[in-house]
Structure formats: structure tokens, C-alpha cells
Amino acid sequence: MDFLDMRWDLIWDYREFFINGIWVTIVLTICGYIGGIIFGVFLGLGKTSKRKWLYWPCKLYVDLFRGTPMLVQILIIHLALIPTVFGQSFGFMVSGITALILNSAAYNAEIIRAGIESIDKGQMEAARSLGLTHGQAMRRVILPQAIRRMIPPLGNEFIALLKDSSLVTVIAANDILYAAKIVSGAHFRFWEPYLVAAVLYLLLTFIITKLVAFIERRFSIDYNPRKKREGRVDV
Amino acid sequence: MIKVENLHKSFGKLDVLKGINYEVREKEVVCVIGPSGSGKSTFLRCINLLEEITDGAIYIEGVQVNDSKTDINLIRTEVGMVFQQFNLFPHMTVIENITMAPMFIRKLSKSEAENLALELLDKVGLREKAYNYPQQLSGGQQQRVAIARALAMKPKVMLFDEPTSALDPEMVKEVLDVMKQLAHEGMTMVVVTHEMGFAREVADRVVFMDGGYIVEQGQPEKLFDAPQNERTKAFLGKIL
């Protein structure tokens with residue numbers, strides 16, 4: 001009955017590693033995600049552009065980052081790109097966040113492009129026919145509709161990024177997975193640390209799922225005619 | 001008011017308009033009829049440059065539309081357009097649909113814009129729907145809102161691209177009535193339509209297009225009752 005002979009006390013002894021790991025994972029994910037969305041908006045808009053000099057670089061970038069494993073990207077960025085460009089390494093945090101931003105931006109770009117292109121082109125025509133410029137029509141008419149459609153897939157991307165952030169352990173980032181590895185390496189116990197790591201990730205994704213559902217509800221209020229009509233006095 | 005000179009439009013290798021010459025005078029209502037694929041919608045969409053012009057020129061009040069020095073956005077504020085599919089903005093209420101462009105482009109204050117919008121909604125008979133969303137309205141109501149939205153910019157010309165083709169039959173009349181009223185008020189209108197009754201009653205002139213050309217044009221009585229061209233006769237024979 002070795003299997004049930006769990007040593008949960010080991011985890012308690014290493015609690016500081018895990019608590020620190022949770023913070024590192026959260027910081028990596030949130031920084032990577034926010035940066036990835038900002039960069040992704042530019043890439044996504046570039047991919048909807050009719051100008052070839054704008055479209056092709058964006059397409060190339062997205063294809064490159066979606067077509068290669070994130071693990072390889074992390075190693076290239078940490079061991080090759082950053083030392084070559086800056087002459088030194090800035091540690092796993094900078095490399096990790098850079099890798100997460102660059103990678104998630106490619107996926108976000110596709111979500112943003114698809115969201116924009118899913119809006120009927122009559123909407124753009126109607127806005128332009130009223131005298132709005134392309135940019136104004138984008139901001140007032142297309143994006144408010146497209147963003148609602150982007151929220152669910154962007155939420156999925158958030159969860160995927162949180163899980164993918166565990167890959168930065170290969171460059172010795174002390175995230176959740178790293179804490180588990182320390183415990184297993186020191187005591188040759190595998191069930192306890194990795195189960196705890198899994199549960200911690202599960203907890204974090206659960207929180208994000210709830211957050212995304214909340215945001216989705218907030219944004220759908222405008223789309224739900226009955227809600228907004230309440231309290232309105234018809235003229 | 002609108003002058004079209006030797007207008008050509010091709011999509012890739014497909015020539016849709018093969019040299020259109022026409023002039024619309026002020027306060028005139030022109031109906032454009034013809035079989036599908038004849039280029040009549042493309043012709044209309046070229047007027048406010050929703051389609052890029054391949055060759056030729058279009059002038060609105062003497063200003064060449066397809067000149068790189070012309071601010072097309074400024075021209076478009078003077079040219080209202082109503083689409084077959086209404087194209088109302090679904091994330092805005094009816095009144096927001098109407099006030100958006102006047103507030104944003106004409107810099108009207110919110111209360112000015114709303115007063116204008118309510119006035120226009122009165123005109124199309126939909127004041128009580130001001131705070132509804134487009135998807136809560138019937139097709140005919142949506143199209144009337146779309147007309148009000150275009151009118152809110154106080155355009156000098158209104159373009160209608162088959163405004164009743166996407167409507168259930170019982171809703172066609174309410175939209176045509178609004179358009180008739182507009183015509184009586186002296187609005188300059190170009191209407192692409194399959195409603196021959198409307199063309200006959202309201203139009204000052206009717207244009208028959210086929211194969212990318214204006215085949216025949218003239219006063220409605222003349223064109224409908226005594227068409228000269230064989231193709232006009234064949235087309236009218238099929239639908240009347």
C-alpha cells in the first residue's frame with residue numbers, strides 16, 4: 001500500500017516554494033497576456049489590412065509563432081535572442097514574459113482578426129456612407145460588435161497561456177511546476193508535489209473561467225434588449 | 001446635381017459598367033430598373049464611392065468624387081444611402097443609430113441630435129421605438145429607421161439600393177410611403193428598385209439598365225407604356 005502512503009507534510013515544508021511559485025505563475029501569465037493582447041491587436045488589425053506591406057509581415061509573424069513549439073521559442077529567446085541583442089541575460093522573468101507575450105500575441109491576433117472579419121461588411125459600408133473614416137467606423141461600429149465575439153476565445157487563450165506558462169521552468173523560472181520539481185528531486189516523491197501543482201493550476205484556471213464568464217455577462221447586457229429597456233421611459 | 005461621365009467599373013476581368021453617362025438634376029427622383037446583374041446597384045454604389053471607379057468621372061455639385069484631392073468622407077456626409085439589408089448598427093438603440101453620425105461628424109450636442117432624431121422618427125412614424133434595439137423591430141421598421149439615420153446628416157441626395165427587396169410583402173408599402181413623402185418634399189433621389197408601381201408613380205425619370213449600359217431612359221409613362229428598345233420591351237414584358 002505504498003500508493004496511499006502520502007507524505008503531505010513534505011509539501012508543507014516547501015510551502016514557501018509553492019506560494020512563491022503561484023506568484024511567479026500569476027505574474028508571468030498576466031504580464032504575458034496583457035502584452036499579448038496589446039501586441040495582438042496591432043497584429044490582428046494588420047492582418048485585416050489590404051495593404052500588402054502591412055499584411056504580409058503580420059501574417060509571417062503569426063505563422064511563425066503558431067507553427068513552432070512554445071518550448072523552442074522560450075529557449076531561443078532566453079538563450080539566443082536576448083543575450084545576442086542585449087549582450088546579457090535579464091533572468092527568467094524577462095525572458096519568460098517576452099516569450100509569453102510574443103507567443104500569445106500570435107494567437108490573439110488570429111482571434112482579433114476573425115472577430116473583426118465576422119462582422120457583416122454592410123456595417124462598415126453603412127458607417128462609411130454616413131461620412132465616417134475607416135478608423136472612426138472601426139472604433140464606433142465594428143470593434144464594439146467584434147469585441148463581444150472575441151471575449152470567449154480570448155478567455156480560452158488566457159487559460160491556455162496560464163498552463164503554457166509552466167514551460168518556463170526549462171529556463172529555471174521558479175513557478176509552480178518548479179516548486180514541484182524541487183520537492184520531487186529532493187525526496188524522490190512524485191505523487192504529492194505534482195498533484196499539488198496540478199491542483200494549484202486547476203484552481204487558477206477555475207478562477208479565470210469564472211472571471212471570463214463574468215466579463216462575458218457584463219458585455220452582453222447591451223445585446224440583451226430586455227435588460228436595457230427596463231427603467232427606460234418610452235417617449 | 002450628380003453628373004456621371006463615361007463611368008466604367010470592372011471587378012477583375014468582369015466588366016460591370018461599360019460607360020455610363022447620366023445627369024441627375026436637383027429635386028429629381030430617378031428610378032433605376034433592370035435585370036439582376038445589369039450593374040444598377042454597382043452604378044449606385046459608385047456614386048458615393050463605395051465601389052472604386054475604374055474609369056470615368058462622377059461629379060456631385062461640380063466636385064469630382066473620384067479625385068484624389070477630394071475628401072470623400074465630406075462628400076459622403078452630403079449623400080445619404082439606404083441599403084437592401086438595412087445595415088443598422090445592432091449594438092446601438094434606434095436613437096443612437098440616428099444620433100451617432102450627427103454628433104460625431106456634425107458635432108451636434110447630444111440634446112440637439114436627439115431632438116433631430118425624434119423629429120425624424122416622427123416623420124417615419126417610429127417615435128415610440130426610439131429606445132428599442134434594431135433586432136426588436138420588423139424589417140419594414142428597420143428600413144424606416146435606416147432612412148431616418150441617413151436623413152439625420154441632412155444630405156442633399158439620397159441613394160436607395162433596392163430598399164424593399166429584403167422585406168416581407170406586407171411591409172413594402174410602409175417603406176415606399178416614407179420614400180414617396182420624401183420625394184414630395186423635394187429630396188433628390190436615386191432609387192434602384194424592382195417596384196415598378198413606385199417608379200411609375202414617383203419617378204421623374206426612369207433609367208433602364210442592362211449589360212452594363214443605360215439602354216433606355218425617359219419619363220415613366222413613356223418608358224413603361226411605349227418602350228423603344230427591344231431589351232426594355234422584353235424586360236418589361238416579363239415583369240409587368
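The values are calculated or read from the model by the stated rules, or taken from the named source; none is laboratory data. This structure is a prediction, so every number in the text was calculated from the model and none was measured. Cβ: placed from backbone, ideal geometry, glycine included. Neighbour counts: every protein chain shown. Ligands, DNA and RNA are excluded from the accessible area calculation, which covers all protein heavy atoms including side chains. Shrake-Rupley method; radii C 1.70, N 1.55, O 1.52, S 1.80 Å.
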Inset, instruction - Could you work out the longest stretch of chain B that avoids the trypsin sites (Lys or Arg not before Pro) located in DSSP loops with at most 14 other Cβ atoms within 10 Å? - result: B:108-240
Inset, instruction - For segment B:20-153, would you read off the P(r) tail past 21 Å as a percentage of all alpha carbon pairs? - result: 49 percent
Inset, instruction - Would you compute, for the Cα atoms of segment A:31-160, the largest minus smallest coordinate along each principal axis and list the three values in descending order, in whole Å? - result: 54, 32, 22
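For chain B, count the residues as N, evaluate 2.2 N^0.38 Å, and divide the Cα radius of gyration by that value, please.
1.01
Which of the GluC sites (Glu not before Pro) found in segment B:120-206 are loop residues per DSSP with 15 or fewer other Cβ atoms within 10 Å of their Cβ?
B:E185
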Legend entry - Distance from segment A:91-145 to segment B:129-144 (C-alpha centre basis), Å: 28 Å
Inset, instruction - Pairs of Cα atoms under 8 Å, at least six residues apart: use those to get the relative contact order of segment A:8-230, whole percent. - result: 29 percent
Inset, instruction - Only Lys, Arg, Asp and Glu count, each charged at its Cβ (+1, +1, -1, -1), so figure out the dipole size of segment A:23-118 about its Cα centre, rounded to 20 debye. - result: 360 debye
Legend entry - Electrostatic dipole magnitude of the protein assembly as shown [Cβ: Lys, Arg +1; Asp, Glu -1; Cα centre; debye, to 20]: 400 debye
Inset, instruction - Can you tell me the equivalent ellipsoid semi-axes for segment B:51-100? Use √(5λ) from the Cα gyration tensor, largest first, whole Å. - result: 28, 13, 9
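Please quote Rg/Rh for the protein assembly as shown to two decimal places, taking the Kirkwood radius as Rh and restricting both calculations to Cα atoms.
Rounded to two decimals, Rg over Rh is 1.15.
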Inset, instruction - Please go through the residue pairs B:K9/B:K110; A:K52/B:K69; A:K59/B:K107; B:K154/B:K233 and name each one whose alpha carbons sit more than 30 Å apart in this structure. - result: B:K9/B:K110; A:K59/B:K107; B:K154/B:K233
Legend entry - Positive-end residue of A:P83, A:A160, A:A173, charge dipole of chain A with Cβ unit charges: A:A160
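What number, in percent, do you get for the relative contact order of segment B:2-237 if the mean sequence gap of Cα pairs under 8 Å and at least 6 apart is divided by its residue count? Don't skip to the answer; put the middle values down first.
Details: 431 pairs, mean separation 65.4, N = 236.
Relative contact order of segment B:2-237: 28 percent.
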Inset, instruction - Take every Cα-Cα distance within segment A:22-67, group them into 5 Å bins from 0 onward, and report for each bin the whole-number percent of pairs it holds. - result: 5, 22, 21, 19, 14, 9, 6, 3, 1
Legend entry - Solvent exposure ordering (accessible area, 1.4 Å, most first) of B:V190, A:V196: A:V196, B:V190
Legend entry - Residue-wise HN-Hα coupling along segment B:18-28, computed from phi with Karplus coefficients 6.51, -1.76, 1.60 (Hz; x: Gly, Pro): 10, x, 9, 10, 6, 9, 9, 8, 5, 6, 9
Inset, instruction - Take the Cα pairs of segment A:52-121, get the Kirkwood Rh, then feed it into Stokes-Einstein at 25 °C and 0.890 mPa s and tell me D in µm²/s. - result: 183 µm²/s
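Take the eigenvalues of the Cα gyration tensor for segment A:1-103, scale each by 5, and report the square roots as semi-axes in whole Å, largest first.
Over the Cα atoms of segment A:1-103, the semi-axes work out to 37, 17, 14 Å.
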Inset, instruction - Please calculate the 1.4 Å probe accessible area of B:H194, with all protein chains present, and give it to the nearest 10 Å². - result: 90 Å²
Inset, instruction - Apply the Karplus parameterisation 6.51 cos²θ - 1.76 cosθ + 1.60, with θ equal to phi minus 60°, to every residue of segment A:174-182 and state each ³J(HN,Hα) to the nearest whole Hz, in sequence, with x for glycine and proline. - result: 8, 8, 4, 5, 4, 4, 5, 5, 4
Inset, instruction - Give the span of segment B:190-240's Cα atoms along each principal axis, as three whole-Å numbers ordered largest to smallest. - result: 24, 21, 17
Inset, instruction - Name the aspartates and glutamates eligible as straight-distance cross-link partners of A:K181: C-alpha to C-alpha under 12 Å, and not fewer than 8 places from it in the same chain. - result: A:E192
Legend entry - trypsin sites (Lys or Arg not before Pro) within segment A:1-93, DSSP loop, no more than 15 other Cβ atoms inside 10 Å: A:R7, A:K50, A:R51
Legend entry - Pairs of alpha carbons in segment B:106-214 whose separation is greater than 19 Å (percent): 48 percent
Legend entry - Calculated on alpha-carbon atoms, Rg and Dmax of segment A:8-230 in Å: 20.9, 71
Legend entry - Signed unit charges on C-beta, dipole axis of the protein assembly as shown, positive-most listed residue A:L45, A:I182, A:M70: A:I182
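Only Lys, Arg, Asp and Glu count, each charged at its Cβ (+1, +1, -1, -1), so figure out the dipole size of chain B about its Cα centre, rounded to 20 debye.
I would put it at about 200 debye.
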